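Read through the structure below, which is laid out as structure tokens, and then see the notes.
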Amino acid sequence: MPLLKSWVASANAPDTPFPLNNLPYGVFSVGHGALRCGVALGDQIIDATGLEAAGLLRADEDADVLGAPNWNDFMALGPAAWATYRTRLAGLLLEGVEQATQNAITAHLVPMAQVTLHLPLKVVEFTDFYAGKHHAKNVGTMFRGPENALPPNWQHIPIGYNGRASSVVVSGTQITRPCGQTKAPDADMPSFGPCKRLDIELEMGAIVGTPSQMGWPVSVAEADDMIFGYVLLNDWSARDIQAWEYQPLGPFQAKAFATSISPWIVTKAALEPFRISTPAREKDLLPYLHEPGPMLYDIDLAVTMAPADQPATTIARTNYKEMYYSAAQQLAHHTSSGCGMNTGDLLGSGTISGPEKHEGGSLLELTWGGKAPLTLKTGETRNFIEDGDTLTLTGAAKGEGYQIGFGTCTGTILPAVKTPDEGTKP
Ligand code: CA
């Protein structure tokens, strides 16, 4: 598919992340104004709440669904309504539409430079998976040796755990370094203090648009239909706390302090031309996990690191197509026990690492457990994240003459708050 040209000129720039082909959904505010639903186009935001209130474009004829400060009510309308809305919105923005339409829509455009972006959805529940084979092999090799790198269930089950929706924040939110228990191998007793091995996990987040009924599993094809769209996701991780706490029930506090997501939900419709199959199976999957078609996406991903007030260095490049399981497979597996899923559930893909060393989706892999420090542009070295460092994820699917961008997913680390009575709560 070529670039769809818009009368909004900035949407036709070859390097914009938000051409008319994209139309991602977010939530914004201007100054101290109320939160509004918006759609990114070039360097503008289309005020979708305003279009609905003015009767210029409604998702539902009978009820306002874009008045709420998130896209959850819209998502709950389901795939037919999503498609109709997207088609009608694109129709208003295409190059060549009549001047009266352009004038009416222009009154609802807000320059992106003037807004604050917020979480685009109310995150109802958060599940995090472990579906990147290169990541699982790398981490397993470091912790258990190369022979036992992949757990015996890994090639049969998309492994995951239930995370914390309360800790999901929008890109740009500052992250306080967590504290927790750690124990050195030669110590008799654990100690409590700030995390010393603070890390990122480069992931994609899949957003569940329509619910499933408790007690009723869904197929992989039905799961794909339920997914509304995708965001970039950084699952901040405290490696030293994780190493001591994780047996036998898996991660807990090491993964419950912050997960950042990018502010724009890129719809499945925008990503349609970039569908790609999961890699060849090494062991046959059970029938309920078979995919009826390609359900991964070819999305280039990168990570940068910047010390305080210093330029950023790109520390990793990889691609979402490296995952072993798709979000649709993960969602089908999630419902396979009868677990009900809800509008606004967020599924983390698991860390996305490629086969090469510079393709690691975590510092744990990029520095091989802290043994091979990274050298940044500034000459500084890093094993893990230091206070004041800013980590930024970017992602884009590359088309012919356009790209489907996700915006950025960024966060800066603040020093730890060591005791409940230290410091002043904001
Ligand atoms: Ca994770």
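For the chain, what is the calculated [θ] at 222 nm in deg cm²/dmol (nearest 500), taking -39500 (n - 2.57) for each run of four or more DSSP H residues and dividing by its residue count? Spell out each step's value before the answer.
On the way: 10 runs with 77 residues, N = 426.
Value at 222 nm, helices only: -5000 deg cm²/dmol.
Using a cut-off of 11 Å between beta-carbons, work out the net charge of the residues near Leu20 (Lys and Arg +1, Asp and Glu -1, Leu20 not included).
On the way: positive: Lys5, Arg86; negative: Glu95.
Net charge in that neighbourhood comes out at +1.
Using Cβ contacts closer than 10 Å as the measure, can you line up Thr390, Thr182, Thr259 from fewest to most? Walk me through the numbers before you get to the answer.
Numbers: Thr390 19, Thr182 23, Thr259 28.
Ranking Thr390, Thr182, Thr259 by Cβ neighbours within 10 Å, fewest first, gives Thr390, Thr182, Thr259.
What is the distance in Å between the Cα centroid of the stretch 155-214 and that of the stretch 332-392?
10 Å
Can you tally the net charge around Lys122? Count Lys and Arg as +1, Asp and Glu as -1, for every other residue whose Cβ sits under 12 Å from the Cβ of Lys122. Mind showing how you got there, number by number?
On the way: positive: none; negative: Asp73, Glu125, Asp345.
Neighbour charge sum, excluding Lys122 itself: -3.
Rule-based calculations on the coordinates, nothing more; no lab input. Predicted model, so just to flag it, every value in this text is computed and none were measured. Note that each Cβ is placed from the backbone with ideal geometry, even for glycine, and that neighbours are counted across all protein chains shown.
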